[in-house]
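No value in this document is a laboratory result; all are computed from the given coordinates. This structure is a prediction, so every number in the text was calculated from the model and none was measured. Backbone-built Cβ (ideal geometry, glycine too); neighbour counts: all protein chains shown.
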Amino acid sequence: MHSDDQPTGWFSSRQIDARTLIVALRQLLGVAELEQIALKDLGMSPDVVDALEQAQQRYEAALPDVRHVRDGLTHFEDWAHRKGGKAQAAARKFGAPRDVARDLWSFRYEAATDTVTTGPFTVPVSAAIPAATELCVAIHTAARAVDVKSAAEVLSRTIRAITGAGIPCDGPKGPVVVSPDDDTRTYVFFNLSTIPEIERTELAARVLAALAGAGLQLRPQSFPQARDAQEHLVVGEALLVGWA
């Protein structure tokens, strides 16, 4: 929208960009709303939920008309026929339907003011960029918190399952190593120097059975091809732990 205007047929490229922008801004708001529901369903801490909710409130304060502009854009046929919902329906209570339809019409991008408008509703593009950036960061931060919580549960359950099967996994020098990394992932691998080759296949089967009983499974980092998880363990490959 801020680059040179490129006419496309009868249409301005900036007007096309404006439509894409408004839809994307509204979708971003929808993502935040859906994630808040998911955070509560997952039992995330109030701090995580509140942080995203506050970020959404700041977003809506910066772009208070984005819902109305998007509604007028995507439901233009209803708004044109005086059958629009939400903002137009509210306006019809206080004015003639024909006048309301006329006043809440004409989606356009104004380059001089750098704004997108539909009737009286306005979205300033200069405010949209930082607002969207902040909300994107908040959405990612909340999702990351979910990943961290899930990873902690996977790690704890992995250790309990393996030790519960009578298999030591309490250090890097033991026969079975449970190793979390910085990417919220947990890996399991054999310390081959401590396990006689003749015992590796049976030990791998015990580890896999213990994890399966805990609702977990091991996945090779590379495509498994002809070898299954047990065969990967036997040769000392680090396998990723995940939910079964």
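A few notes on this one:
- For peptides 148-155, 18-25, 64-71, sequence by mean Cβ density within 10 Å, most packed first: 64-71, 18-25, 148-155
- Environment charge at Ile22 (Cβ cut-off 13 Å; Lys +1, Arg +1, Asp -1, Glu -1): +3
- Potential lengthening of the chain between Ala112 and Ala209 amounts to 28.2 nm, from the contour at 0.36 nm per residue minus the alpha-carbon distance.
- Taking amide H as placed 1.01 Å from N in the peptide plane, Thr115 has its amide H under 5 Å from the amide H of Glu110, Val125, each at least 5 places away in sequence or on another chain.
- For the stretch 165-243, the ratio of Cα radius of gyration to the globular rule of thumb 2.2 N^0.38 Å stands at 1.01.
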